[in-house]
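*Asks:* One structure coming up, written as structure tokens, with questions to follow.
The values are calculated or read from the model by the stated rules, or taken from the named source; none is laboratory data. Not measured: the values here are computed from a predicted model. Every residue, glycine among them, receives a Cβ derived from its backbone with ideal geometry; neighbour counts consider all protein chains shown. Keep in mind that these areas ignore ligands, DNA and RNA; they rest on the heavy atoms of the full protein, side chains included. Shrake-Rupley method; radii C 1.70, N 1.55, O 1.52, S 1.80 Å.
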Amino acid sequence: MPDAIDNLVEMLKGAVVRVLGEESHGSGVWLAPGHVLTCAHVAMCGALTVEWAGRRYDATIVEAVPRYQGDGDLWPFPDIAVLRVSGADTHPCAWLSDRPVSLNARLVAIGYPQMYPVSAGLTSITGKCQGSSDIMGGTFIRFVGDEVAEGMSGGPVLDLTTGAVCGLIKSTRQPGTSLGGLVVPLAGLRRLPERLWCEIWRAHDGVHADGEWARTRQQLADAGTAKLLGPTLSPSDEVTILGVLSRLPVREDPATVLRKVLDRDHLRVDVPVPLDVRDVLYELANQTPRPGELFGPVRLAISLSAAVSGEDRDRLRDWAVRVAEKLGQSAELEAWHARPTPAADAEPTIVVQLESDALKAALYRVTMWVHRGDRIDKPEVDAVARPLAEAKELVRLLLTEQLRRLQGQGTVEFVLPAELFDEGFDELITGRRGTLGNKNPVVIRDLERLRDPSSWHDWRLRWWRLRDGTAATEWLDCAGDSEPEQLEGRFHGHDDIGLLGLTRGLDEEMREALDVALNAGIPAAVWRRRSCVAHPPAPPEEPCIGHRFRAGFERKRSEHHHQTLPYLVKRLRNAAAENPAGADFRDIVLLWDDPERLPEPFVPLAEPTALQGAL
């Protein structure tokens, strides 16, 4: 064991660099080919030079978080910077880990202190983890037992239990003493932009696919002193599978990958959203298998092998067989191969509900579900009643994140009180640019109908006819008669009506007509938010915009009869955006109320996620 620890310290020393700025200097560590990791407060000091192995190289900042110190004496969490170094073609890289550090774990920190002449060589100090400190917007590791001198900031901290670099030196507690200081945990890398985070770890894992770090860490594990990753995944198995994963193309949302391997409809609310399949591996490795259950990382390797070909597929399968044999799970692996292939996921539907507060009607609470066929993924429940503008902004943020997880796929349904039917949720900007309604089918649903089951029988009958293509469409024209009593007789007397069309917007008269239709169980309605211009008593010489809307909608519906109405309306929204000739369809609204998939707004099927801090 002493030889393994000595070897790890020596290897780490070979990967430590001096970072020179215009006004100060610090330390850093090679984390991937051509890239150095250091502290933001070290890097944000003008033009940068990296000194390593007796040579100096120009360096530029790829990303620093945060870029400004703020008002405090210390830079806020995470105080991390990634540098790109020019001209250093070959160099070692340290093995990094963002796993938590155990209390009292022995630590070695390495850097270039300024307590000696600037020409002094590398210095290592030893100590241990004595808990953490929650300050400056994050949680730092407390390093105690030796002097943390100026100039060591940004230098790596090695965990002698795992054999991995667990953090960066940030600051001293008191100069000239052995009180130690603070260490930035590498979990702080998650504050970097997501794409950069993925690129860094993939480059890191690729360079370590079969190297001295893995072999030495395995020596620690074999000696019984190393903390194994999860219940049984050894360092050599870990580095091998990470090397393969680093080359795999990103074809599916990592959260979906994890959910499929776990065979769960939703993830626990305490599970962080995985940013890459690397996160999925660690989450599975940290879960203890139930009796007779195949180890999670092995299930992951088999699942991923089905989506790739060639050498990567063979490596994933070989790794799975080798690890299963080592764990005595060959029978479980065979059973996993023999299990029925799960059915393909139904297209997802995101359901967003806004419900007014019982005491303050102008305030709204937001609830969100993700439906996949008969399955319901975890909801998002906002415990705070908000003004409408704030609620819409929260909805925009939640939809942007959910659509990112679903890779943009899915229909979006808004379950709304009647006063919000014309609020224009389809015009929310999600993602980089473009409105929600132009990118996804967007419909609204009637919240009040969900509260009152008295119309559900008629609602279902009409829906089945609409779905089967046998339902009739009832249009209320601009100058037509829409007295509530007459409409009630009309709608209740014709149970084949499945779609109500309105040629003008939801003024007071049209709102009442729509309410009569919904109470009669009519499941769908279409209209424009913009009202048609008032008509004189005599018919106009030219068709009004309401008549053009009706004629155009029926024509497009006939031309695209194979499309469901939500996708047809999406097509019409894009036609209106693309061509002024399609302006008749601008601001189109579709109420599309499927009684066969109730959003269950009052009894969430999974533990909700609190969103109080989202805005």
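*Asks:* Under a 5 Å amide H to amide H cut-off, with H placed in plane at 1.01 Å, what residues pair with ARG173 once short-range neighbours are removed?
*Replies:* Result for ARG173 returns VAL148, GLY180, GLY181, LEU182.
*Asks:* Label points 7 Å out from Cα along the Cβ direction at SER303 and ALA47: separation in nm?
*Replies:* 5.1 nm
*Asks:* Going by amide H atoms built from the backbone, whose H comes under 5 Å of the H on LEU48, apart from near neighbours?
*Replies:* ALA59
*Asks:* With no solvent and one point on each alpha carbon, what is the Debye value of log10 I(q)/I(0) for the chain at q = 0.06, 0.07 Å⁻¹?
*Replies:* Computed log10 I(q)/I(0) values: -0.45, -0.59.
*Asks:* Check cross-link reach from LYS439 to the aspartates and glutamates: straight Cα distance under 17 Å, and skip same-chain residues fewer than eight apart.
*Replies:* GLU347, GLU401, GLU413, ASP426, GLU427, GLU578, ASP587
*Asks:* Pulled fully out, how much extra length does the chain show between ALA358 and ARG460, if you take 0.36 nm times their separation in residues and subtract their Cα-Cα distance?
*Replies:* 33.8 nm
*Asks:* So how far apart, in nm, are the two label points at THR126 and ARG548 if each is 7 Å from Cα heading toward Cβ?
*Replies:* Each label point is offset 7 Å from its Cα along the Cβ direction, giving 8.4 nm.
*Asks:* Moving on. Sorting check: for 30-38, 388-396, which peptide has the highest mean count of neighbouring beta carbons within 10 Å, and how do the rest follow?
*Replies:* 30-38, 388-396
*Asks:* Could I ask something else about it? Mind giving me the FRET efficiency for GLU293 and ILE429? R0 is 30 Å, r the Cβ-Cβ distance, nearest 0.05 is fine.
*Replies:* Computed FRET efficiency for GLU293 and ILE429: 0.10.
*Asks:* Once R0 is set to 56 Å, what does the formula 1/(1 + (r/R0)^6) return for the Cβ-Cβ distance between ARG56 and GLU325, expressed as a FRET efficiency to the nearest 0.05?
*Replies:* The computed FRET efficiency comes out at 0.65.
*Asks:* Between THR123, VAL19, HIS371, whose Cα lies farthest towards the positive end of the dipole of the chain when Lys and Arg beta carbons carry +1 and Asp and Glu beta carbons carry -1, centred on the Cα centre?
*Replies:* The listed residue farthest towards the positive side: THR123.
*Asks:* When the accessible area of the chain is split by element with a 1.4 Å probe, what percent falls to carbon and sulfur?
*Replies:* 50 percent
*Asks:* Would you rank HIS208, HIS337 by solvent-accessible area, highest first, keeping every protein chain in place and using a 1.4 Å probe?
*Replies:* Sorted by accessible area, descending: HIS337, HIS208.
*Asks:* Still on this structure, I have one more. Tell me the per residue accessible area of region 396-491 using a 1.4 Å probe; a whole number in Å² is fine.
*Replies:* 47 Å²
*Asks:* Given a cut-off of under 8 Å on Cα pairs at least six residues apart, what relative contact order in percent is computed for the chain?
*Replies:* This gives 8 percent for the chain.
*Asks:* May I ask you to order 254-261, 161-168, 433-440, 298-305 by the average number of other C-beta atoms within 10 Å around their residues, highest value first?
*Replies:* Going by the mean number of other Cβ atoms within 10 Å, highest first, we get 161-168, 298-305, 254-261, 433-440.
*Asks:* Tell me whether region 51-187 comes out rounded, prolate or oblate; compute the Cα gyration tensor, take square roots of the eigenvalues as a ≥ b ≥ c, and use a/c under 1.5 as the rounded threshold.
*Replies:* Taking the square roots of the gyration eigenvalues as a ≥ b ≥ c, region 51-187 is rounded.
*Asks:* Around THR139, which amide H atoms from residues at least 5 apart in sequence, or from another chain, sit under 5 Å from its own amide H, with H modelled in the peptide plane?
*Replies:* Placed amide hydrogens put nothing under 5 Å from THR139.
*Asks:* Tell me which of SER132, SER153, LEU189 sits at the most positive position along the dipole axis of region 109-192, charges placed on C-beta atoms (Lys, Arg +1; Asp, Glu -1).
*Replies:* The Cα lying farthest towards the positive end belongs to LEU189.
*Asks:* I would also like to ask the following. Could you compute how much accessible surface GLU488 exposes when probed at 1.4 Å, giving the result in Å² to the nearest 10?
*Replies:* The accessible area of GLU488 comes to roughly 90 Å².
*Asks:* Moving to a separate point now. Among 153-159, 518-524, how do they line up by average Cβ neighbours within 10 Å per residue, starting with the highest?
*Replies:* The peptides rank, most packed first, as 153-159, 518-524.
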